[in-house]
1. Taking only segment 60-72 into account, find how many residues are surrounded by 15 or more Cβ atoms within 10 Å (Cβ to Cβ) and away from the ligand (no atom under 13 Å from the Cβ).
2. Looking at (1) surrounded by fewer than 21 Cβ atoms within 10 Å (Cβ to Cβ); (2) outside any loop (DSSP other than H, G, I, E, B), find the lone condition where PHE341 falls short.
3. Of everything in segment 78-93 that's polar (S, T, N, Q) and surrounded by fewer than 24 Cβ atoms within 10 Å (Cβ to Cβ), which residue is farthest from the chain's Cα centre (by Cα)?
4. Can you tell me how many residues in segment 175-212 are of a type in the set (A, V, I, L, M) and away from the ligand (no atom under 14 Å from the Cβ)?
5. Quick check: anything in segment 174-184 of a type in the set (Asp, Glu) and either in contact with a Gly (Cβ under 8 Å, 6 or more places away or on another chain) or not assigned by TED's automatic domain parsing to the domain that holds THR107 (or both)?
6. Given the structure, is ASN267 surrounded by fewer than 17 Cβ atoms within 10 Å (Cβ to Cβ) and under 30 Å from GLU171 (Cβ atoms)?
7. Could you list all residues from segment 264-285 that are free of Cβ contacts under 8 Å to residues at least 24 places away in the same chain and within 19 Å of the chain's Cα centre (by Cα)?
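The values are calculated or read from the model by the stated rules, or taken from the named source; none is laboratory data. The model shown is predicted, which means the values in this text are computed figures rather than measured ones. As a convention, Cβ positions derive from the backbone with ideal geometry for all residues, glycine included, and neighbour counts pool all protein chains shown.
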Amino acid sequence: MEKSRRNFVKLAGGAIGSAAVLGSASTASAQESVADVYRSADPSNYTDANRTSSDVRWIVIHTIEGSYEDGYTWFENPDANVSSHFVIGNEPGQIMQMVDIEDIAWTNGGDGSYNDTGVNFELEGYANSTDFNDNIYEQTAEAVAHICEKYGVPKRHPTFDLAPCDPYDGEGGVIGHNQIPNADCTGVTDGKVDPGDTFDWNYLMDLVDGEVDDGDGGDDGDDGGNGGTAGWPTYSSGDENRDVYTVQYLLEANGYPMEYHDGIYGNEVETTVESFQSDTGLTVDGVVGPNTWDELVVTASDGDENQAVRAAQDNLRYKHGYDIAVDGGFGPGTEDAVESFQSASGILVDGIVGPQTWEYLVG
Ligand SMILES: [Zn+2]
């Protein structure tokens, strides 16, 4: 993340440099260190406030439904009545801050409580259609990680369909506009879908966690990936790695819904593993070792569409480097990757993720 994009874009026409002069009249602007440029939203588009870390609980990701310039010029327009703390573009250096974190940006809808508790990111692009590039993921991740660390927001992406009615319930985290409840808490606010299904949350959160290099990593063969080794690993509370995503998805494949898919072996994973062990007649210890893996793995093959497929795809992509979609649908791309992985691991090549292939994936 030390690339040459820290070249401080001077969109403000020379005003930058004399210490935070871009703010509105009343207060000096508090530019976060991660912002490449500060360009204030119109003061009529946000609430001047004095929020502290305890008020900041959620980071909310949006798409502008337009370009970077469309985003920041709209928030400068006094007629907009909307704003965002950050606007992120897909060119290097486009991390713009427009509202101080202590102030309340208006963009989440609902009853306003997620504005009160949120730090908002508007990303260049369109929900459900933009193929977001590496710059925008990296720039977003850099700023998200900074806000998480500075204001104590958990670096997790809860996958619930609807965030808590009361934003002070739950642990907080990094969510999409499409998870914000409406004022009655009966559904998603204003039918919002952003950032949409072309946005790769796993990739963003890996970058936020610092698990992924921002370069292209070196796994650039035809299918890109590498093989695995035999032997079931043991995971327990406090572990945090890619195989824990596999555990989370496989628990779902076995009929145990999970709120979090974040690679963290926390309370939810432990108690769900205990239920699973109890239900399958295993020793109940909340630890995933060889016996639990044996029961947990679900065979996945061509045409399947379920969380076992997602578990395999996630592991193939993020642990073993295969450039495939993680969408829960077992199609030709997944089958090719499985065969390539089996070949690289020196096991039977049949394109089916059965017990032995699972053992090599997580081994
Ligand atoms: Zn939005």
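1. Qualifying residue count, segment 60-72: 2.
2. Failed condition: (1).
3. That would be ASN81.
4. Looking only at that region, the number is 6.
5. no
6. yes
7. Within segment 264-285, GLU268 is the sole residue that qualifies.
To keep it simple, each residue is scored yes or no on (1) touching a residue at least 40 places away in the same chain (Cβ under 8 Å); (2) surrounded by fewer than 22 Cβ atoms within 10 Å (Cβ to Cβ); (3) within 14 Å of the chain's Cα centre (by Cα).
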{"position": "ASN133", "(1), (2), (3)": "yes, yes, no"}
{"position": "GLU142", "(1), (2), (3)": "yes, yes, yes"}
{"position": "GLY152", "(1), (2), (3)": "yes, yes, no"}
{"position": "LEU162", "(1), (2), (3)": "no, yes, no"}
{"position": "TYR168", "(1), (2), (3)": "yes, yes, no"}
{"position": "GLY172", "(1), (2), (3)": "yes, no, yes"}
